[in-house]
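The values are calculated or read from the model by the stated rules, or taken from the named source; none is laboratory data. Worth saying up front: this structure is predicted, and the values here are computed from it rather than measured. Reconstructed Cβ throughout: ideal geometry from the backbone, glycine too, with neighbour counts over all protein chains shown. Remember, those area values only see protein heavy atoms, side chains included, never the ligands or the DNA or RNA. Shrake-Rupley method; radii C 1.70, N 1.55, O 1.52, S 1.80 Å.
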Amino acid sequence: MSKLPISAFIICQNEEAYLGNCLESLADFSEIVIVDSGSTDGTIDFIRSYIDKGWPIRLFEETWRGYAAQKQFALQQCQQPWCFNIDSDERLDAALRKLLPELIRAPSELSGWRVARRPYLIGYGYTPAHVKERKNLRLIRKGRGAYDLSQAVHEGIVAEGQVGKAASGSLLHYRPLIIDEQILKENKYSTLKADQQFKAAKKPRLLKLVFSPLAYFLRLYFRNGLWRCGRSGYVEAMTGAVYAFLTQAKLYQRTVLKTRPNRDDAGAH
C-alpha cells in the first residue's frame, strides 16, 4: 500500500512514554518530522530506534522558541503536499485514518481541515466518538498556512483560504494526569495566556472574571457532551473552568499592579 502524501510534524521534549503510540498511528504517512527541544530522558534514542527500523522520520534538535514558533519551524521542514500537526500524546483513531485519503483529495480551493479531539479521562477512558473537543485546524496544504507567532499558548495554524471540518474521526489525547498535576499544567498555560493578553493591552473585565469560568464549564460539560462521562467528565469540565478563572484573575492582577503596586501600609491603619 502506497504511503499518503502527508508530512506529520511533532514538537517534543521528554516524551518517551507517549511517543510510541503516536508514531504507530502515523504508519501510513510518507514523512514524520520531529523537532526535539532538549530531551533528557530516552526520547532521542527512542526516535532513532524507529529511524533504524526504516520509518520515514526526520529528526531535528532545536532550542525551544515557544509553542507557536517551534511548531512553525517544524511545519517549515515538511516536504509533502499536505502537513499534519500532532502532539506526542495524541494518536489518530481508526475512523480518522480511514478518512484521510478522502480529505487530501479535496478540491484545490480548500486549504485545510479541522479535526476533533477526544481526551482520555481518568476513571473513564477515551470519551465516546460523539463527545469531542472543538475541531481545530490540523491538516494543511504545504504553503497554505502558518502559525500566528503572537500566540503564547493554544497556538493554531492560520490558513490562507477555505477550511473544512472532517465529518468523522478524531485525535485521541492520552495524558492522564491526576488533578494535582493537571492543575499545575493549567496554572502554567493560564500564565502564558494572561501574559499574552497583558502584552496586547487587553483590559480585565469584571464580567469575564465572573462568567468566563462558568461559560467554559457549560461549553465543555453540555455542548461538548462531557456530562455523558459521569464524574470523570465533570472533573474535566471543572478543570477547564479553573483555567478560565486563573487566566482572568492573572490578567486583572497584572493590570491593577501597574497603577496600584503592593505596599505595606499597616502604619496608616
**OP:** Mind checking the full-extension length gain between LEU257 and HIS269? Use 0.36 nm per residue of separation minus the Cα-Cα distance, one decimal, nm.
**Re:** 2.2 nm
Original post:
For the chain, which whole percent of the accessible surface, found with a 1.4 angstrom probe, sits on carbon and sulfur atoms?
Top reply: 53 percent
**OP:** Hydropathy first: keep DSSP H helices in the chain averaging at least 1.0 on Kyte-Doolittle, then drop any whose Cα extent along the axis falls short of 15 Å, and list what survives.
**Re:** 206-218
Original post:
Stretch HIS130-GLU102 to full length: gain in nm at 0.36 nm per residue minus the Cα-Cα span?
Top reply: 8.0 nm
**OP:** Run the dipole for segment 4-173 about the Cα centre, Lys and Arg Cβ at +1, Asp and Glu Cβ at -1, nothing else charged, and hand back the magnitude in debye, nearest 20.
**Re:** 780 debye
**OP:** Compute the normalised compactness of segment 77-219: alpha-carbon radius of gyration over 2.2 N^0.38 Å, N being the residue count.
**Re:** 1.19
Original post:
If you check each cysteine of the chain for another cysteine whose beta-carbon is under 4.7 Å away, which ones come up empty?
Top reply: CYS12, CYS22, CYS229
**OP:** Could you order LEU209, LEU100 by accessible surface area, starting with the largest, using a probe radius of 1.4 Å?
**Re:** LEU209, LEU100
**OP:** Mind giving me the FRET efficiency for LYS165 and ARG65? R0 is 35 Å, r the Cβ-Cβ distance, nearest 0.05 is fine.
**Re:** 0.75
**OP:** Report the antiparallel proportion of the DSSP beta bridges in the chain as a percent, rounded to a multiple of 5.
**Re:** 40 percent
**OP:** Express in Å², to the nearest 10, the accessible area of SER39 obtained by rolling a 1.4 Å probe over the protein heavy atoms while all chains stay in place.
**Re:** 20 Å²
**OP:** Mind checking which of ALA106, SER88, TYR124 is farthest towards the positive end of the chain's charge dipole, using Cβ charges of +1 (Lys, Arg) and -1 (Asp, Glu) about the Cα centre?
**Re:** ALA106
